[in-house]
Amino acid sequence: MQYIYLHGFASSPNSTKARYISDRFAEHQIPLSIPDLNDGDFSHLTISRQIQQVAPALTIPTTIIGSSLGGLTAAHLGEQYTLVEKLVLLAPAFGFLSHWLPTLGEDITQNWQQNKYIQVYHYGEGKEMPLSYNFLTDAHQYQEDLLQRPLPTLILHGKHDDVIPIQASQDFALHRPWVKLIELDSDHTLANIMPEIWQTIKLFVRCPEIV
């Protein structure tokens, strides 16, 4: 079994969650692969590109841990590739566009379409960076109703998440008995409960090397 961690939108392998979980795996001498989904070109990021970037690594049984947009990407990888055997989704970005676009507003979204790029704050880089409108057009095809493979899935979602409301994960889990949703006293970052999250991940993955 191999383990892959997918960071969130406008984030990086150096995010707080990525580093914390990587350190816990390292304590058990287990490699955790954390690809940089910016791929040296955040401006032309798409979910399709993320999937294409990760897919070549899926040559052996794999557990994917995905955060936010990385969680949405992980879910679609699990749908498409049978070597993905388990998913751990941290505040997954289900319904991402329906939650994000209203925060931009109609005028900004229209300007984005007309100008082809929008400035987005990139937390990994600590500055605003341009993002192509192709990100938006590509994202429309990744709908939750397509995710029907009965794949053991653990979702950890904060009850106070104001980026991706917990209702999105509740709706996803409702008619998928293979999904276990744990609601936590946290926000989208889940930063205040990382030890609890790690203990829950350990129990779920059931790796012999992690006790």
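What the table shows:
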read-out	value
Length added when fully stretched, Q80-D187, from 0.36 nm per residue minus Cα-Cα	35.5 nm
Size of electric dipole in region 44-196: Cβ of Lys, Arg +1 and of Asp, Glu -1, about Cα centre, debye, nearest 20	460 debye
Theoretical ellipticity at 222 nm over the chain - DSSP helices of four or more residues, -39500 (n - 2.57) apiece, nearest 500	-11000 deg cm²/dmol
Region 26-147, relative contact order in percent, only Cα pairs under 8 angstrom and at least six apart counted	26 percent
Distance in nm between pseudo-label sites at E128 and Q148 (7 Å out along the Cβ direction from Cα)	4.3 nm
Long-range lysine pairs (8 or more apart or interchain), the chain, Cα under 20 Å	9
Rounded tilt (10° steps) of 106-115 against the dominant C-alpha axis of the chain	80 degrees
Quotient of Cα Rg and 2.2 N^0.38 Å for the chain, N being how many residues it contains	0.98
Where labels lie 7 Å past Cα in the beta-carbon direction, separation of Q119 and K202 in nm	4.5 nm
Most mobile listed residue (L131, L104, L45) in the chain, GNM with C-alpha springs under 10 Å	L104
0 to 90° range, to nearest 10: angle between helix 69-80 axis and the chain longest Cα axis	70 degrees
Spin-label pair T137/K159, simplified geometry with 7 Å Cα→Cβ offset, distance in nm	4.3 nm
Highest-first arrangement of 175-181, 36-42, where packing means the average Cβ count within 10 Å	36-42, 175-181
Sparsely packed trypsin sites (Lys or Arg not before Pro) within region 40-145, loop by DSSP, other Cβ within 10 Å at most 12	K116
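Values quoted throughout were computed directly from the atomic coordinates according to the rules given, and no laboratory measurement underlies them. A quick note: this is a predicted structure, and the numbers were derived from the prediction, not measured. We place every Cβ from the backbone using ideal geometry, glycine too, and count neighbours over all the protein chains shown.
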